[in-house]
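Student: Sharing a structure with you now.
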Amino acid sequence: GARLGELERRNGDLARELAHQEELHRIQVHILRDEVSALELRALRSGVPFEYLKEVVLRCVVTSRTSREYGDVVNVLADLLHMSPAERAKMAAGGAPRSRSMGGLFWQ
């Protein structure tokens, strides 16, 4: 009776949340692909080997912001991408707190 109705409502809520999270993930993957393409193009234009740029970006993503290595990786990435002083400062600061719903990789 009432318990079954409650479970069905909860199941519906979870299904909607899953669909929402899947859509956010799909959008994130699409944006990632666009960003990788843009980075490839910038790397080609600047003469930076793409594989090296990819390794630096990967290191930046997986390195804890609190580690000493993060600052070094940020500086290398900023050099490779010819970032302005304002862009460097924003990247070094890490931007705003990461959004929980998007996993914190791109939306802040």
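The values are calculated or read from the model by the stated rules, or taken from the named source; none is laboratory data. Every value quoted in this text rests on a predicted model; they were computed, and no experiment measured them. Using ideal geometry, Cβ is built from the backbone for each residue, glycine included, and neighbour counts are taken over all protein chains shown. All accessible areas refer to the heavy atoms of the entire protein, side chains included, with ligands and DNA or RNA removed. Shrake-Rupley method; radii C 1.70, N 1.55, O 1.52, S 1.80 Å.
Student: Could you grab the relative contact order for the chain? Cα pairs under 8 Å, six or more apart, rounded to a whole percent.
Tutor: Relative CO of the chain lands at 21 percent.
Student: Let me ask something additional. State the extension gain, in nm to one decimal, for the chain segment bounded by A38 and R65, taking 0.36 nm per residue of separation less the distance between their alpha-carbons.
Tutor: Contour length minus Cα-Cα distance gives 7.3 nm.
Student: Also, I was wondering about something else. Evaluate the chain: find the radius of gyration of its Cα atoms, find its Kirkwood radius, and give the ratio Rg to Rh.
Tutor: 1.17
Student: Give the accessible surface of the chain per residue, rounded to a whole number of Å², with probe radius 1.4 Å and ligands, DNA and RNA excluded.
Tutor: Per-residue value: 75 Å².
Student: Another question about this same structure. What is the gain in length, in nm to one decimal, between D79 and E22 on full extension, counting 0.36 nm per residue of separation less the C-alpha to C-alpha distance?
Tutor: Stretched fully, the D79-E22 segment lengthens by 17.1 nm.
Student: Hey, another quick one. Per-residue counts of other Cβ atoms within 10 Å, averaged by peptide: what ranking do you get for 31-39, 49-57, highest first?
Tutor: Descending mean neighbour count gives 49-57, 31-39.
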